[in-house]
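The values are calculated or read from the model by the stated rules, or taken from the named source; none is laboratory data. In this text, all values refer to a predicted model and were calculated from it rather than measured experimentally. Here the Cβ is made from the backbone with ideal geometry for all residues, glycine too, and neighbour counts use every protein chain on show. Please note that ligands, DNA and RNA were not included when accessible areas were found on the heavy atoms of the full protein model with its side chains. Shrake-Rupley method; radii C 1.70, N 1.55, O 1.52, S 1.80 Å.
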Amino acid sequence: ITLEIHKDVDEDGVFHGITACGRSPVLISGSEYDYFIDGGRLCRVPPDSEKQLAPLMELLRGGDFSFKVGRNNLAEFCYSVLPKLRGMVNVRESDTEAIEAYLPPEAEPAFYLDYDNGLLTCRAAVRYGAEEFAVAGGNSGGTDRPAMRDLQREAEVIDVVREYFPRYDGEKGVFCCEQSDDAAYRLLSEGVSELLKRGEVNCTDSFRALTIRRRIPVKVGVSVSGDLMNLTIESDGISMKELADILKSYRRKKRFHRLKSGEFVDIGPSIAELSEMADAVRLTPAELAAGSVNLPLYRALYLDRLSEKCESLRVSRDARFKRIIKDFKTVDESEFEIPEHLQGVMRNYQIFGYRWLRTLDQFGFGGILADDMGLGKTLQVISVLSAAKAEGKSGTSLVVCPASLIYNWMEELRRFSPGLRAVAVAGNQSERAEIIESLARYDVAVTSYDLLKRDIALYENLRFHYEIIDEAQYIKNHSTSAAKAVKVIHSDVRFALTGTPIENRLSELWSIFDYLMPGFLYGYETFRRDLEMPIARNADPQATEKLRRMTSPFILRRLKGDVLKDLPDKIEEVRYAAFDEEQRRLYDAQVAHMKGMLEESDSAQVKKNKIQILAELTRLRQICCDPSLVFEDYTGHSAKRAVCIEMIKSAIEGEHKVLLFSQFTSMLELLESDLNADGISFFKITGATPKQERLDLVQKFNGDSTPVFLISLKAGGTGLNLTGADVVIHYDPWWNLAAQNQATDRAHRIGQTKIVSVCRIIAKGSVEEKILELQESKQNLADEILSGELGTIGSMSREELLALLE
């Protein structure tokens with residue numbers, strides 16, 4: 001396309017002079033509009049109005065044509081359109097001087113900004129050479145105006161001014177801004193730059209004083225003194241009171257804050273980071289305004305994690321704060337040595353757990369040891385208790401656990417640290433009161449949640465060094481009396497042991513931390529509003545990350561798969577169960593009955609009555625399992641049954657699958673009723689189960705999510721491949737290790753990819769415990785007594801049989 005520009009004025013005073021030659025459409029882009037040629041006239045095309053291009057395209061197909069530009073459009077064409085055309089088409093100009101005679105000076109906008117008594121104003125004008133014309137609010141025209149004005153450019157000036165100064169004051173001839181901080185900030189942050197794009201901007205001194213501070217330098221200092229952490233906050237040129245006000249504006253989602261001086265402040269990253277830090281440590285506005293606050297030392301680890309990701313805040317730390325952080329990051333390199341008598345006993349991951357607990361203890365922090373079942377949480381705590389005594393730390397420590405675990409703790413203490421003076425706070429009310437009164441004589445006291453609730457008034461004036469709660473999920477509901485009881489005990493350091501710190505709801509984790517370090521996760525309503533509900537309802541990633549950052553330094557959890565190199569492929573333990581009064585009474589009565597039989601018999605009569613003696617021993621074992629196996633009308637408690645169900649639940653919560661063996665099918669029926677009552681699905685195999693059905697059940701168990709398989713001795717001791725399970729419970733152990741291992745090998749065999757935990761449940765102070773002691777030296781004898789085989793039982797002396805009953 002070639003455009004020829006020349007002078008041609010007709011008698012009507014209309015300027016002609018641009019001829020387009022070619023066969024392509026001519027679309028000319030102007031400053032605000034596009035143009036096309038229609039019937040010899042230059043026409044504006046509104047944006048996206050393709051329909052109006054059709055006449056142009058049809059016209060161009062006809063060949064050469066020309067169009068006219070009137071004098072009033074000449075300035076816009078020459079100053080806005082023609083410069084763009086020069087890069088698109090060939091332009092040949094003739095009569096340049098003659099055309100310039102009709103061409104007015106180029107329009108140059110000018111803006112005059114003022115600030116007076118809270119009112120922002122703008123006087124708008126357009127200059128043409130040496131002349132300047134005011135641009136009014138209604139229009140840019142007027143009868144007194146020269147004909148050769150760029151009216152389009154002046155209209156554009158009005159449009160951009162009204163965007164930021166929407167009201168026109170005709171008397172003063174100025175445009176006015178809304179009297180609000182939002183409108184003023186918008187004008188300063190973007191309006192002035194928009195005006196500068198169009199022309200010259202002039203400001204009075206009062207307007208120039210209105211500035212925006214783009215960056216707020218904030219410095220945070222952290223120091224540690226005693227068991228408190230001191231936090232100081234300061235900002236150059238801004239008082240702490242105004243910094244607190246800026247923080248309020250940020251929390252109201254504002255982009256800026258206006259200082260008392262009138263200066264605006266951009267709310268940037270430093271304020272966002274300060275807000276997160278203030279929220280984390282729950283700084284009140286008054287504390288922030290003061291510029292300094294003392295905080296619990298347990299906030300140190302979270303504060304350090306927050307400061308690591310701060311890019312705008314300047315955080316300085318003192319030497320003691322740095323040491324705390326270093327000690328937690330290098331637990332494995334700590335100088336805490338395990339007690340001498342436990343060297344060679346504890347595995348590497350248990351030693352790490354011991355050092356982690358000691359590190360918490362060093363700074364007075366609490367923590368949750370949340371290792372998977374079977375990894376030795378009890379041993380790790382006992383090692384800490386032993387070290388405390390070896391280092392001369394005074395004071396008794398209190399262990400609170402389910403009633404079924406009291407004597408398990410006592411046995412573990414005796415086994416791993418016989419030097420610790422330990423006492424079980426058990427028995428009737430007067431016996432417990434007497435024990436509690438004498439606790440100062442002991443290193444460790446062990447009681448149950450239920451007994452602690454009953455005796456809590458007796459603990460009111462006592463203080464313990466350590467308080468340890470086992471199976472801490474017992475306090476998951478913070479409103480229960482059990483949770484309240486453990487939290488009112490006075491102690492220097494608190495630990496919690498659990499394989500499942502969160503079972504169903506995050507409130508369970510809050511309750512445990514409320515015991516460990518009250519206030520660490522704030523009050524429950526605050527925790528629920530800010531963390532629990534955003535995570536539970538919306539899976540809020542920020543809330544999730546905040547909770548993880550806060551709690552992870554105080555939770556140590558290892559799964560068996562994490563410590564495989566430190567583990568044998570099979571972990572074995574004994575879990576003790578203590579009779580209550582009624583079960584003990586029935587057991588003791590049966591013992592007395594058997595003793596009477598034996599004491600009234602000589603050796604010859606014992607040999608003659610060996611079948612009857614075996615039957616009485618079997619009754620004694622059944623009373624250990626559950627007295628209802630012997631007494632049909634018995635409706636009381638069974639210690640082993642309670643321990644067993646707790647173990648099953650704990651295993652399921654840890655996503656394990658369980659094989660449970662018993663010699664008595666009637667015992668399996670009782671456990672079956674318990675599982676049904678708790679809604680736990682299971683399979684069962686007894687001697688009455690057909691062979692094909694057994695194989696079908698085994699296949700289902702190995703492939704589905706059913707968590708428990710009940711198996712009788714005769715039906716499941718051999719021939720089954722149950723590698724889907726990784727926990728084996730022997731409800732009534734078979735005392736012959738070969739026979740026991742044969743049952744265990746249903747899970748612990750080729751194809752098993754997990755560590756297998758094997759547990760024998762033993763009635764404390766019973767014939768089971770006696771025979772367990774004899775197991776290594778007299779395996780065959782023990783098996784014959786309990787399996788029903790006569791063998792050498794007939795050769796046992798009267799004195800040996802009596803010894804079993806002691």
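Among the residues that make up the range 544-557, is at least one of them buried (at least 18 other Cβ atoms within 10 Å of the Cβ) and of a type in the set (S, T, N, Q)? Looking through the range 544-557, at least one residue is buried (at least 18 other Cβ atoms within 10 Å of the Cβ) and of a type in the set (S, T, N, Q).
Considering each residue of the range 610-655, count those that are in a helix (DSSP H, G or I) and either open to solvent by less than 40 Å² (accessible area, probe 1.4 Å) or basic (K, R) (or both), and give that number. Please lay out each step first, then the result.
Within the range 610-655, the first condition is being in a helix (DSSP H, G or I), and the residues that meet it are 610-625, 627-629, 639-653.
This time we only want the ones that are either open to solvent by less than 40 Å² (accessible area, probe 1.4 Å) or basic (K, R) (or both), so: 610, 613-614, 616-617, 619-625, 627-629, 639-645, 647-651.
Residues that pass the stated criteria total 27.
The number of residues in the range 207-219 that are loosely packed, with under 14 Cβ neighbours inside 10 Å and under 12 Å from D114 (Cβ atoms) comes to 2. Those helices (runs of 4 or more DSSP H) of the range 532-608 in which at least 1 residues are in contact with a Gly (Cβ under 8 Å, 6 or more places away or on another chain) and either within 30 Å of L506 (Cα to Cα) or of a type outside the set (F, W, Y) (or both), considering only elements entirely within it, cover 581-599, 603-608. Among the residues of the range 670-703, just one is within 21 Å of E768 (Cβ to Cβ) and acidic (D, E), namely D674.
Against the list (1) at pLDDT 80 or above; (2) surrounded by 15 or more Cβ atoms within 10 Å (Cβ to Cβ), the condition K248 fails is (2).
Screening A370 with (1) in contact with a Ser or Thr (Cβ under 9 Å, 6 or more places away or on another chain); (2) surrounded by fewer than 19 Cβ atoms within 10 Å (Cβ to Cβ); (3) modelled with pLDDT of 85 or more gives one miss only, at (2).
Could you run through the range 641-656 and say how many residues are under 27 Å from the mean Cα position of the chain (by Cα) and touching a residue at least 24 places away in the same chain (Cβ under 8 Å)? Show your work before the answer.
In the first step, residues of the range 641-656 are kept if they are under 27 Å from the mean Cα position of the chain (by Cα); the result is 649-656.
Then drop every residue that is not touching a residue at least 24 places away in the same chain (Cβ under 8 Å), which leaves 649-654, 656.
Of the residues in that region, 7 qualify.
Screening the range 418-508 for helices (runs of 4 or more DSSP H) wholly inside it with 2 or more residues that are of a type outside the set (V, I, T) and within 35 Å of the chain's Cα centre (by Cα) returns the ranges 449-455, 481-488.
Is it the case that some residue within the range 744-753 is modelled with pLDDT under 75, over 30 Å from H656 (Cβ atoms) and part of a helix (DSSP H, G or I)?
From the range 744-753, those modelled with pLDDT under 75 are 744-753; that's our starting set.
Right, trim to over 30 Å from H656 (Cβ atoms) and you get none.
No - not one qualifying residue is present in the range 744-753.
Okay, residues lined up against (1) without any contact (Cβ under 8 Å) to a residue 12 or more places away in the chain; (2) open to solvent by less than 60 Å² (accessible area, probe 1.4 Å); (3) of a type in the set (V, I, T); (4) under 30 Å from G427 (Cβ atoms):
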{"position": "L559", "(1), (2), (3), (4)": "no, no, no, no"}
{"position": "D569", "(1), (2), (3), (4)": "no, no, no, no"}
{"position": "V574", "(1), (2), (3), (4)": "no, yes, yes, yes"}
{"position": "A577", "(1), (2), (3), (4)": "no, yes, no, yes"}
{"position": "E582", "(1), (2), (3), (4)": "no, no, no, yes"}
{"position": "L586", "(1), (2), (3), (4)": "no, yes, no, yes"}
{"position": "M594", "(1), (2), (3), (4)": "no, yes, no, yes"}
{"position": "A604", "(1), (2), (3), (4)": "yes, no, no, no"}
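In this structure, N294 does not satisfy being farther than 24 Å from I216 by Cβ, surrounded by fewer than 19 Cβ atoms within 10 Å (Cβ to Cβ) and touching an Asp or Glu at 6+ places or on another chain (Cβ under 8 Å). The condition of being touching a Lys or Arg at 6+ places or on another chain (Cβ under 8 Å), modelled with pLDDT of 80 or more and within 30 Å of D182 (Cβ to Cβ) holds for A110.
Taking the stated definitions as given, is G199 more than 26 Å from L295 (Cβ to Cβ) and of a type outside the set (D, E, K, R)?
On the way: more than 26 Å from L295 (Cβ to Cβ): yes; of a type outside the set (D, E, K, R): yes.
Taking the combined requirement at face value, the residue satisfies it.
Across the range 376-424, the number of residues qualifying as farther than 21 Å from I761 by Cβ and touching a residue at least 12 places away in the same chain (Cβ under 8 Å) comes to 23. Residue count for the range 440-466 under the criterion of being closer than 20 Å to S394 by Cα and open to solvent by 80 Å² or more (accessible area, probe 1.4 Å): the result is 5.
Results for (1) in contact with a helix residue (DSSP H, G or I) (Cβ under 7 Å, 6 or more places away or on another chain); (2) loosely packed, with under 13 Cβ neighbours inside 10 Å, shown as yes or no for each residue.
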{"site": "R299", "(1), (2)": "no, no"}
{"site": "R305", "(1), (2)": "yes, no"}
{"site": "E308", "(1), (2)": "no, yes"}
{"site": "E311", "(1), (2)": "yes, yes"}
{"site": "K322", "(1), (2)": "no, no"}
{"site": "D332", "(1), (2)": "yes, yes"}
{"site": "E335", "(1), (2)": "no, yes"}
{"site": "I338", "(1), (2)": "yes, no"}
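Considering D470, D540, D492, D530, the condition of being of a type in the set (D, E) and either open to solvent by less than 10 Å² (accessible area, probe 1.4 Å) or closer than 27 Å to K649 by Cα (or both) is satisfied by D470 alone.
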